[in-house]
Ligand code: ATP
Ligand code: MG
Ligand code: FE
């Protein structure tokens, strides 16, 4: 059957048509993504009001493009999936409203998808990937370690208590005037610098849990920049040292999560997936590859187009829900916060 997916939770307006035959047999018929990088660039970060207006302006056109690109009719669809949280509420509402309108007028089921579930299933857009797997999700809005046990079955092993990893890249880039989005620029400058030149903190180092913190690291970068001569050499050295610190943090936090993942699943703990925009960073990927080698896990890093926000992953999560008969009422609400693992969430309400 065919499912339309709609994504509008952050700064990408996206729609996709996906053919779902069975769990490990899917085909992406179209995937249209309109990024708002240009709209947000002058501000060095995502501005919620600007994002909401841009989603509203683009969503109908993007959905139409996804249908046309897939070469199908609206009536061919078996269900309409949309991100209904977590995310910037104005954006989520535009996508969810569009989905409700289509579901109502076509008489097809609505599938309210958790954006994080989309990311969690995203490796399956590229290749079959058996459960369970350990997922490191590192994006502009999220930094989490999850055990993906099965469909709709997640255990959160760790998450950031303040900024997301991508946010730390973006804010560090902004301080040094490197442009938005910051990640790719920091990586470029880092390649020319000395990763051990500037002492920076490794938050939570030695702590016996898998949570992250990036706020202190970001502040330390700002201080180092202020104290520097603001030359190109200083830029390169700070970027290289920052990226090295993030790599150390990611390695150590992930190592803790691997231990938890192994104790949850024993012999079945074999796969590690990294997703989200920060997974594009080659230096960080190399650190994780090394870690997986020593820990006896196989590393799966889906192609970048599936790592960053897209609607194909939302269509896939929606299709899996439809296959399981898990459909939603038309009055389902948009949720700014919606943790994948409710139990962990009530213990730590600050992170979602
Ligand atoms: P979310 O997916 O959490 O809702 P988002 O849409 O901002 O938020 P993504 O689109 O997955 O997240 O990723 C964007 C983030 O990835 C930005 O913070 C960007 O700086 C970061 N990023 C992109 N490329 C790189 C890179 N090469 N190195 C480090 N970070 C990067
Ligand atoms: Mg984005
Ligand atoms: Fe996302």
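The values are calculated or read from the model by the stated rules, or taken from the named source; none is laboratory data. Predicted model only: the values in this text are computed from it and were never measured. Neighbour counts are summed over all protein chains in view; Cβ atoms, including those assigned to glycine, are modelled from backbone coordinates with ideal geometry.
Among the residues making up region 256-294, those that are farther than 30 Å from residue 8 by Cβ and part of a loop (DSSP other than H, G, I, E, B) are 269, 270. Taking the criterion of being under 22 Å from residue 82 (Cα atoms), at pLDDT 95 or above and part of a loop (DSSP other than H, G, I, E, B), no residue of region 125-162 qualifies.
Evaluate region 68-84: report whether one residue or more is assigned to a loop (DSSP other than H, G, I, E, B), crowded, with 18+ Cβ neighbours inside 10 Å and either at pLDDT 95 or above or within 16 Å of ligand 2 (Cβ to nearest atom) (or both). No, there is no match, as no residue in region 68-84 is assigned to a loop (DSSP other than H, G, I, E, B), crowded, with 18+ Cβ neighbours inside 10 Å and either at pLDDT 95 or above or within 16 Å of ligand 2 (Cβ to nearest atom) (or both). Would a scan of region 295-315 turn up a residue that is over 23 Å from residue 118 (Cα atoms) and either within 16 Å of ligand 2 (Cβ to nearest atom) or part of a helix (DSSP H, G or I) (or both)? Checking region 295-315: at least one residue is over 23 Å from residue 118 (Cα atoms) and either within 16 Å of ligand 2 (Cβ to nearest atom) or part of a helix (DSSP H, G or I) (or both). Residue-level analysis places residue 280 among those that are surrounded by fewer than 23 Cβ atoms within 10 Å (Cβ to Cβ), within 16 Å of ligand 2 (Cβ to nearest atom) and at pLDDT 90 or above. Tallying residues that are within 16 Å of ligand 3 (Cβ to nearest atom) and in a strand (DSSP E or B) within region 1-31 yields 9.
Going by the structure shown, is residue 150 free of Cβ contacts under 8 Å to residues at least 24 places away in the same chain and either surrounded by fewer than 24 Cβ atoms within 10 Å (Cβ to Cβ) or more than 16 Å from ligand 2 (Cβ to nearest atom) (or both)? In short, yes. As an exercise: evaluate residue 46 against (1) over 22 Å from residue 107 (Cβ atoms); (2) modelled with pLDDT of 95 or more; (3) part of a loop (DSSP other than H, G, I, E, B) and give the number of the one condition it does not meet. Going through (1) over 22 Å from residue 107 (Cβ atoms); (2) modelled with pLDDT of 95 or more; (3) part of a loop (DSSP other than H, G, I, E, B) one by one, residue 46 breaks only (2).
Across region 212-232, a minimum of one residue is classified as part of a loop (DSSP other than H, G, I, E, B), in contact with a helix residue (DSSP H, G or I) (Cβ under 7 Å, 6 or more places away or on another chain) and buried (at least 20 other Cβ atoms within 10 Å of the Cβ). Applying the condition of being touching a strand residue (DSSP E or B) at 6+ places or on another chain (Cβ under 7 Å) and over 19 Å from residue 296 (Cβ atoms) to region 233-276 and asking which residue is surrounded by the most Cβ atoms within 10 Å (Cβ to Cβ) yields 275.
Does at least one position in region 155-165 carry a residue that is free of Cβ contacts under 8 Å to residues at least 24 places away in the same chain, away from ligand 2 (no atom under 15 Å from the Cβ) and more than 15 Å from residue 250 (Cβ to Cβ)? No, that holds for no residue. Criterion first (within 16 Å of ligand 2 (Cβ to nearest atom), at pLDDT below 95, within 20 Å of residue 26 (Cβ to Cβ) and touching a helix residue (DSSP H, G or I) at 6+ places or on another chain (Cβ under 9 Å)) does residue 122 satisfy it? So residue 122 passes the test.
Any residue that is touching a residue at least 24 places away in the same chain (Cβ under 8 Å), assigned to a strand (DSSP E or B) and over 20 Å from residue 141 (Cβ atoms) - is there at least one of those in region 92-99? The answer is no, given that none of the residues of region 92-99 is touching a residue at least 24 places away in the same chain (Cβ under 8 Å), assigned to a strand (DSSP E or B) and over 20 Å from residue 141 (Cβ atoms). Taking the listed residues 341, 309, the one that is away from ligand 3 (no atom under 16 Å from the Cβ), touching a residue at least 12 places away in the same chain (Cβ under 8 Å) and in contact with a strand residue (DSSP E or B) (Cβ under 8 Å, 6 or more places away or on another chain) is 341, with no other qualifying.
The condition (being in a loop (DSSP other than H, G, I, E, B), more than 16 Å from ligand 2 (Cβ to nearest atom) and over 21 Å from the mean Cα position of the chain (by Cα)) is satisfied by just one residue among 235, 207: 207.
Kindly indicate whether any position in region 122-136 is more than 30 Å from residue 270 (Cβ to Cβ) and in contact (Cβ under 8 Å) with a residue 24 or more places away in the chain. No, every residue in region 122-136 fails to be more than 30 Å from residue 270 (Cβ to Cβ) and in contact (Cβ under 8 Å) with a residue 24 or more places away in the chain.
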